[in-house]
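First up is the structure itself, then whatever we jot down about it.
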There are 4 protein chains.
Amino acid sequence: MSMNSFGHLFRFTTWGESHGPALGATVDGCPPGIEIDESMLQVWLDKRKPGTSKYTTQRREADQVEILSGVFEGKTTGTPIQLMIRNTDQRSKDYGEIAQAFRPGHADITYFQKYGIRDYRGGGRSSARETAARVAAGGIARAVLAQLAPTVEIKGYMTQIGPHGIDGPRDMAEIDNNPFWVPSAATAATWATYLDGIRKSGSSVGAVCEVMCTGVPAGLGAPIYAKLDTDLAAAMMSINAVKGVEIGEGMNAACLTGEENADEMRMGPNGPEFGSNHAGGILGGISTGQDLIVRFAVKPTSSILTPRQTIDKDGKDIDLITKGRHDPCVGIRAVPVGEAMMACVVLDHLLLHRGQVGDGPRGHIGGKTQ
Amino acid sequence: MSMNSFGHLFRFTTWGESHGPALGATVDGCPPGIEIDESMLQVWLDKRKPGTSKYTTQRREADQVEILSGVFEGKTTGTPIQLMIRNTDQRSKDYGEIAQAFRPGHADITYFQKYGIRDYRGGGRSSARETAARVAAGGIARAVLAQLAPTVEIKGYMTQIGPHGIDGPRDMAEIDNNPFWVPSAATAATWATYLDGIRKSGSSVGAVCEVMCTGVPAGLGAPIYAKLDTDLAAAMMSINAVKGVEIGEGMNAACLTGEENADEMRMGPNGPEFGSNHAGGILGGISTGQDLIVRFAVKPTSSILTPRQTIDKDGKDIDLITKGRHDPCVGIRAVPVGEAMMACVVLDHLLLHRGQVGDGPRGHIGGKTQ
Amino acid sequence: MSMNSFGHLFRFTTWGESHGPALGATVDGCPPGIEIDESMLQVWLDKRKPGTSKYTTQRREADQVEILSGVFEGKTTGTPIQLMIRNTDQRSKDYGEIAQAFRPGHADITYFQKYGIRDYRGGGRSSARETAARVAAGGIARAVLAQLAPTVEIKGYMTQIGPHGIDGPRDMAEIDNNPFWVPSAATAATWATYLDGIRKSGSSVGAVCEVMCTGVPAGLGAPIYAKLDTDLAAAMMSINAVKGVEIGEGMNAACLTGEENADEMRMGPNGPEFGSNHAGGILGGISTGQDLIVRFAVKPTSSILTPRQTIDKDGKDIDLITKGRHDPCVGIRAVPVGEAMMACVVLDHLLLHRGQVGDGPRGHIGGKTQ
Amino acid sequence: MSMNSFGHLFRFTTWGESHGPALGATVDGCPPGIEIDESMLQVWLDKRKPGTSKYTTQRREADQVEILSGVFEGKTTGTPIQLMIRNTDQRSKDYGEIAQAFRPGHADITYFQKYGIRDYRGGGRSSARETAARVAAGGIARAVLAQLAPTVEIKGYMTQIGPHGIDGPRDMAEIDNNPFWVPSAATAATWATYLDGIRKSGSSVGAVCEVMCTGVPAGLGAPIYAKLDTDLAAAMMSINAVKGVEIGEGMNAACLTGEENADEMRMGPNGPEFGSNHAGGILGGISTGQDLIVRFAVKPTSSILTPRQTIDKDGKDIDLITKGRHDPCVGIRAVPVGEAMMACVVLDHLLLHRGQVGDGPRGHIGGKTQ
C-alpha cells in the first residue's frame, strides 16, 4: 500500500516537492524489450511544462527528464525505471508569507493539519509540479501501448473554460493549433479574449478537460473494484484541483430514460457496432471497444491577487493575496496530465487482462469462444 | 491486488452472483473490541433491500446477513469478518432470453467479451445485488466509527431524478419520510407522480444521489494516490450504473473564479471556521474538518419494456425487451450503497492516518504542533 | 493490504475460526473457463483432514467444501470463488481452562496481547484449521495449472520427524502408502514406532516437510520483492508452527564453496541441462526450469499432557496441561498445506509473468529472442 | 502490486542497476516530524559498502546517499523520501565475456530467460548492489524507531562461515571489532585464516548471519499472511544469495518435543517472563516481547576463478571463469542488509498495529484490557 503509487501491474510511484532538488517517478512493472529514450518522454513533458504561453505560469522549468534505471541499450529490461526531473527555477523567496499563512482553497492548511509540518515552498508536495512526474510515466505507458496495442490513440482537449463551452462543431484537427487544446478555432479566439481579462485582473478560472481514447480492445477492466471506470475516476480525481469526473454521459445520465441511454447495437463485419456512446465505452466496468470518454472539472487556482479572508499558523485572522507566478487557468496544463493518466490506466488494464485471462481466450460473438 | 477488494487498512472483498447460492463480503482489518451483531447490519440492509416500495424491483429478498467469523461474544476480534447473505428469490426462468442476448447498455456483452463465459442469471456478478455485500460491510464500518470517531455522521439522499431536482429549500428531517430519501416533502410528491409514469410505461430513469458526512476530523486522506477524494471517487464510481462523481462544487467548479471558489476562513473558538464549502470538505486530498459532500449520477436501468436493437451471441441482429422485475430508478437503492462506501472510506482513512501519523502529533493552529 | 490475503494476481483471503460456524477462502483472480467442482477440491481436503490415522488429532471434521460463487455450469467465470467449510465437531467444552490460561509456545498470549480479546475456542483464528481453507484454495490453483501449465506436478512429503530422517534411498512411489507421506517404506515403519511412543506419552514432536514442483517453466518470479523464493518463503512461514524455510541447499548452503554450489550446465536438445540442483530451481528469484525444492520445519504442537509452567490472564503463575484432541506431530498434516501453497505461488507467478512479459517474448538460448 | 516494493504501511521501492548511473529507494509512508539527514543514513551505508576489508570486493564505491525529497528543514514531512546513490566505479569492460555467457549459480540465465534482455554489466538488477538501497531505507526506519519505539535495538552478526561456527561463548561486545561481525575474537582470528585461503584460491564460501532485535513491544504482527515471521522470512529470502531463513530454533525445531520447545512463563513485575526463547520472539506470527531472532544462510558467490561448465547465449557449451572484483564471502556484507530489513519490518508492523489496533487498547495481563 504505497500512498504515492498508482496502478496494479503497471505501477508508478511519484516523489518530490515543488522546490526540492528534484522530483520524479519510479515506474514498476513495465514490460521488457520496449524501445524508450528520454526524447520520447520529453515531448510530453514539453507539452505540460510551464511558460509555454501567456496563459500558463511564467515559472521557467526545463523539465528535462533523466532515465536513471531500467533501460539498457535503448530498451526496457522489465526492471524499475527511475525518471528524474531536476527543479531549476525555484524562487523560494516568493513564498515568504505563505510559510505562515494558509491560502483559502489550497492544501496549505490540510497538509499542516495532517502532518504538523509542511514544505511550504511553492506548495511543496501538493504543487501541480508533481504532475510532471505523471506525464513522464505516461510517456512510458504510451511507448508500451504503441507496441502492444498499436490501435490505441489518446487525445485530450478542453471543452469548457469558466462559463464558456465550445461554440459550434468540434474539429479535432484544431486541437494542437491553440494554447487551450480546444477542438475549435473560433472557440480558441473567444477563450483567449476571456482568459486575458482573467489574467490581467489577477484572477483565475476553472475548466473542463476531456480525454478520448480510441482503438481500445473490448474486455479491459477488472470488476468490481478495479473497474476501468473506477480506475479512471481515481486517476483523474487524483490530479490537483479536480473536483468532478464523468464517464460518457456523466452527470447528465441522471436526466436520461432507459430508452435514451441504451447504446443500441447491430452486428458489423468486425463485431458489434454501436449507434451511440452514452456509456463512454465502458459497461459494467469493462471496455466495449468503443471510444473511452472521460471528462474532469478543474477548479480555479487558489493563488489570486484579490485579498481573501483567512488565518495564519498563529490563528490570527488576516487578509491574503498571493503574489508569484501562477496559472490563470490551471486546467490548461491538466490536459496532458489527463492524457498521461489515461495511458497508464489503459496499459495497466491491458496487462491485468493478459495476466488473468491471457491474450487468447475470450468471448467471440458470432462464433465460438476463442 | 484483489480486483474485488476495496480499501487499504479497512478492506473488504465482495463475492457472489445474483442467482448463486449466496453472496457476501470478507472484511479484513477491522479494529478489535467493537460491539457488533447481525441486527446492527440488518438495519442498513433493510434500507437497501428490494421490494420496499413500488418504486423498486419487486424481487423479494430477505437479505438476511449472517456473521460467520471474526466476532466473538459480541465483539470483533481483529480477524476477518465473513458476512454472508443467502439468495432466496431466484426466478432464473425469467432469464431465458438474456442467456443468449446482450441487453444494450448492460454489462452482458462486456463480461462475455472479457471472460468468454458469464453467469447470465440476473446479471450474475454485474448485478446490483453485489451492493448488498457493500452495505453489510458499511454496517461494520459505521459501528467502528461510532466508537473511534463518534462525531461522524453519514447521510445520503437523492437530489435529482430524471430532469427533476429539489424544489424549494432542503429539509433534512424529511429524508426518512419518503421512498426517495429526498430532503423535501413537496419534491417527494412531485417525484412520486413522475416515477409512477415511468414505471407504468416500463421505462426507467437516472438520478443523482448525494452523501454528506459531518463531524470528520481534519487531516484524513493520504496524498497523492490515496487522497480522500480519489478514494471517494473510486468508491462511488465502482457502484453499478454510476457515470459521474462530484466533490463539493463538482463539475460546476469549472464555472467559478478563484475569488468565488475560495472558502474563506476566520479563526473560531475551536479552530478554523469557513464561510463556504465549495471544496466539499477536502483540500489537496485531505479533509478540512468541514462536511464531506459527494454526489454521483446513476444512469437508468437498462432493463426496459420498450424494444431496443441489439445482437445475440451468434451475432444475429435482434430487437430485445427485458421482462422480469426491475427498478424503474435504480438510483433510489444506490443511496444506502453510497452511504456504506462513505463509511468505509472515512474509517479506512482514519486508520491509515492513525498508522502513519498516530493519534497524537498534528499541526495545531494557534498553538504548537501537538 | 489485506492481512489475511495471499498472492498477487491469483489471490486468496482466508477467514474463520476453529470453532465458529464456518471457515473458508475467498479466491480472487482465477482465470475463467476452468472446469471446477467440489469433488476436485475435496480430494485435497480429505488428505489434510483430521482423524485419518492415529497419528493425527481425533477431532472428526467432515471438511466438506461448498463453492458459493464464481463457478457457473461447472466452469470458473473469472469472478471471486467463495469456498466455505462448515465446522461440525466443535467440542467447545474442552477448552474451559484455555480461556483463562496461556499455553506456553502457543499464540494464546500474543493474540491476547495484540487484540485484548481472543476467540480461545480451539485456538480461534490461530488454529491450524485455517489451513483447510488454504488447501481448498490450492485445489483451485491445481485445477488452473492443469489447464495452463499441464507439465507442472507438485508433491509433498516428510523428510524428518523428531531426530529421525529418511533411512536409505528415497522411493517416491511410497509416498502415498504410509501415513507420513515419507518416500521410504522402511522409514515409515521406524517412524510409526517412534511416533506411537510420543503419542502415548501425551507428548508431541516436530518435523521437516519438503515440497517438490516439477515441470515449471523457466522465467517465473518477479524480482526484487516478489521473487519466487521470497514468495515461497512467505507462503511456508505463514503456515502454523513453521520456524524455518529452505530452498534447495537451504541452510547448508553456508557450508559450500562456490565450486561446489555451482549448478553446472550443458546444452541439451531442449535447452540447458543442469548437473545438479543446489539452487532448488531458482536463481535470482526466477525459476530455472529445474525442479523447485522447498523444505520447512514444523515445531511440535504446544498442546501436551506434561504440565508446563505458565501464567493466566490474571497474571497468576500456574502449571498447565492441555487436554483435548491434538496432533502428536502436526507436521504430518502440514504436507498437503505446503503443497497447496506451492500450487498457489506457482500459478500466481505464471499469471504475473503472463501479465508483465506475455506468453510469448522471452530469451531463447541458442536462438533469437522469441 | 509493485514487484520491487517491500512493506505495507512503511513501504520502499528500490530501483537501479549495478552499472547504471544511479540506484536508490523510494520510501513511502514514513511518519512526519522525524529528524533525518544524510549522515544518519551514511553510517549504515559505510558499514555495507565494498572495499572496507580484504574480505570484500575491491570495487570502490563511495555509496554516498542523497535525499532528494520528503525531508524539509531536517525533518520528514510524511511525503515520499527519495534516496539516490550514484554509481561511480563501473568498470564495465570487466564484463565482456559475461555479456554472452551464463555463470552457473547466477541469475544471468534466468533474467535472460524471463525478459529476453538483461543488463549484464555487473549483474545489472540482480547485483547485490541493490542492497545499498535497502540499507539506506533501513536507515530511515531506524531513525523512526528511535523516536517511536526507543527501546528497539537491532544487531546483526555472522554465526557461521563455510563449515566454521562460533568457537566458545558469544561476546556481543566483539561484534564491531572484526571484519566478520562475529561475536567472538577467537573465532574472528580462525575465520580470517580460513577466508584468506578461500580468497587466495579464487574461490568463495557461504555463511550464516543472525539478526537480533531487542526491546520490541509485544503484539506486533498481522496474522495470517502478514505475520511478523512471514514478513521477516520474505525480507531475508529476498536478499541476494539467501537460501534459508530461520526464526528462533529454525530447522532444528523439527528435533524438539513439545516439552522441550515450550517457552515456559512466569509472571514478572513488568509482565510475562520467559524461561527460554525457542520461538525467536514470535508466536502465531505476533511478537511476544522477547528478542526477535532471525538467521539466514547465504550461498557462496558464483563468481570464482575455477572454470565451471556452462553454456552461452548461442547454446554453446563453454568453460567459464569469472574475473573481476568479487566477494570471497558475500555473507559478510549481508549483515547490515539483514539489519536494515529487520528495521523496516519492525517499523512497518509498529505502524500497522497502530493503524488497526491503536496505541492504546491491548490485552493487559493481570489487569483489565487497556
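The values are calculated or read from the model by the stated rules, or taken from the named source; none is laboratory data. Just so you know, these numbers come straight off a predicted model, no measurement behind them. Cβ sites come from the backbone with ideal geometry, for glycine too, and all protein chains shown count toward neighbours. Surface areas here come from the heavy atoms of the whole protein model, side chains and all, with no ligands, DNA or RNA. Shrake-Rupley method; radii C 1.70, N 1.55, O 1.52, S 1.80 Å.
Take residue A:288 and decide whether it is of a type in the set (Ser, Thr, Tyr), farther than 30 Å from residue C:11 by Cα and surrounded by 24 or more Cβ atoms within 10 Å (Cβ to Cβ).
When the stated conditions are applied, residue A:288 does not pass them.
Could you say whether any residue in the stretch A:337-352 is surrounded by fewer than 24 Cβ atoms within 10 Å (Cβ to Cβ) and farther than 14 Å from residue A:219 by Cα?
So far as the stretch A:337-352 goes, no, none of its residues is surrounded by fewer than 24 Cβ atoms within 10 Å (Cβ to Cβ) and farther than 14 Å from residue A:219 by Cα.
May I ask you to verify whether residue B:274 is aromatic (Phe, Trp, Tyr) and either under 30 Å from residue B:113 (Cβ atoms) or more than 10 Å from chain A (Cβ to nearest Cβ) (or both)?
Considered against the rule, which asks whether it is aromatic (Phe, Trp, Tyr) and either under 30 Å from residue B:113 (Cβ atoms) or more than 10 Å from chain A (Cβ to nearest Cβ) (or both), residue B:274 comes out as no.
Within the stretch B:138-163, how many residues turn out to be within 11 Å of chain A (Cβ to nearest Cβ) and open to solvent by 30 Å² or more (accessible area, probe 1.4 Å)?
Residues flagged as within 11 Å of chain A (Cβ to nearest Cβ) and open to solvent by 30 Å² or more (accessible area, probe 1.4 Å) within the stretch B:138-163 amount to 2.
Given the conditions (1) open to solvent by 10 Å² or more (accessible area, probe 1.4 Å); (2) in contact with a Gly (Cβ under 8 Å, 6 or more places away or on another chain); (3) more than 8 Å from every other protein chain (Cβ to nearest Cβ); (4) outside any loop (DSSP other than H, G, I, E, B), and given that residue D:181 satisfies all but one, which numbered condition is not satisfied?
Unmet for residue D:181, out of (1) open to solvent by 10 Å² or more (accessible area, probe 1.4 Å); (2) in contact with a Gly (Cβ under 8 Å, 6 or more places away or on another chain); (3) more than 8 Å from every other protein chain (Cβ to nearest Cβ); (4) outside any loop (DSSP other than H, G, I, E, B): (4).
Within the stretch D:6-20, work out how many residues are open to solvent by 10 Å² or more (accessible area, probe 1.4 Å) and among the small types (Gly, Ala, Ser).
Total satisfying the criteria: 1.
For (1) more than 22 Å from residue C:56 (Cβ to Cβ); (2) at pLDDT 95 or above; (3) away from chain D (no Cβ under 14 Å); (4) crowded, with 22+ Cβ neighbours inside 10 Å, each residue gets a yes or a no:
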{"site": "C:93", "(1), (2), (3), (4)": "no, no, yes, no"}
{"site": "C:100", "(1), (2), (3), (4)": "yes, no, no, no"}
{"site": "C:105", "(1), (2), (3), (4)": "no, no, no, yes"}
{"site": "C:111", "(1), (2), (3), (4)": "yes, yes, no, yes"}
{"site": "C:119", "(1), (2), (3), (4)": "yes, no, no, yes"}
{"site": "C:122", "(1), (2), (3), (4)": "no, no, no, yes"}
{"site": "C:125", "(1), (2), (3), (4)": "no, yes, no, yes"}
{"site": "C:128", "(1), (2), (3), (4)": "no, no, no, yes"}
{"site": "C:136", "(1), (2), (3), (4)": "no, yes, yes, yes"}
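Can you name the residue in the stretch C:311-329 that is open to solvent by 30 Å² or more (accessible area, probe 1.4 Å) and not in a strand (DSSP E or B) and is also nearest to residue D:17 (Cα to Cα) among such residues?
Filtering first and then ranking leaves C:326.
Looking at (1) crowded, with 24+ Cβ neighbours inside 10 Å; (2) assigned to a loop (DSSP other than H, G, I, E, B); (3) more than 7 Å from chain C (Cβ to nearest Cβ), which is the only condition residue D:294 fails?
Every condition holds for residue D:294 apart from (2).
Which numbered condition in (1) open to solvent by 10 Å² or more (accessible area, probe 1.4 Å); (2) in contact (Cβ under 8 Å) with a residue 60 or more places away in the chain; (3) outside any loop (DSSP other than H, G, I, E, B) is the only one that residue A:232 fails?
Result: residue A:232 fails condition (1) only.
Within the stretch C:196-219, restricting attention to residues that are assigned to a strand (DSSP E or B) and open to solvent by 20 Å² or more (accessible area, probe 1.4 Å), which residue is farthest from residue C:323 (Cα to Cα)?
Step by step, filter the stretch C:196-219, then rank; the result is C:214.
Step by step: first the residues of the stretch C:257-271, then only those that are open to solvent by less than 20 Å² (accessible area, probe 1.4 Å) and free of Cβ contacts under 8 Å to residues at least 24 places away in the same chain, then the one that is farthest from the other protein chains (Cβ to nearest Cβ). Which residue is that?
C:268
Looking for something buried (at least 20 other Cβ atoms within 10 Å of the Cβ) and within 14 Å of chain A (Cβ to nearest Cβ) - is there at least one such residue anywhere in the stretch B:29-46?
yes
Given the criteria of a type outside the set (Phe, Trp, Tyr) and surrounded by fewer than 18 Cβ atoms within 10 Å (Cβ to Cβ), does residue A:308 qualify?
No; evaluated as a whole, the condition is false for this residue.
Against the condition over 21 Å from the mean Cα position of the chain (by Cα) and surrounded by fewer than 20 Cβ atoms within 10 Å (Cβ to Cβ), how does residue D:169 come out, does it pass?
Yes.
Which of the residues belonging to the stretch B:299-316 are under 30 Å from residue B:197 (Cα atoms) and facing chain A (nearest Cβ under 7 Å)?
Scanning the stretch B:299-316 gives B:299, B:300, B:301, B:302, B:304, B:306, B:308, B:309, B:310, B:311.
Give just the number: which of (1) in contact with a helix residue (DSSP H, G or I) (Cβ under 8 Å, 6 or more places away or on another chain); (2) touching a residue at least 12 places away in the same chain (Cβ under 8 Å); (3) open to solvent by less than 10 Å² (accessible area, probe 1.4 Å) does residue B:49 not satisfy?
So the condition that residue B:49 fails would be (3).
Please work out if residue C:224 is among the β-branched types (Val, Ile, Thr), within 7 Å of another protein chain (Cβ to nearest Cβ), closer than 21 Å to residue D:126 by Cβ and touching a Phe, Trp or Tyr at 6+ places or on another chain (Cβ under 9 Å).
yes
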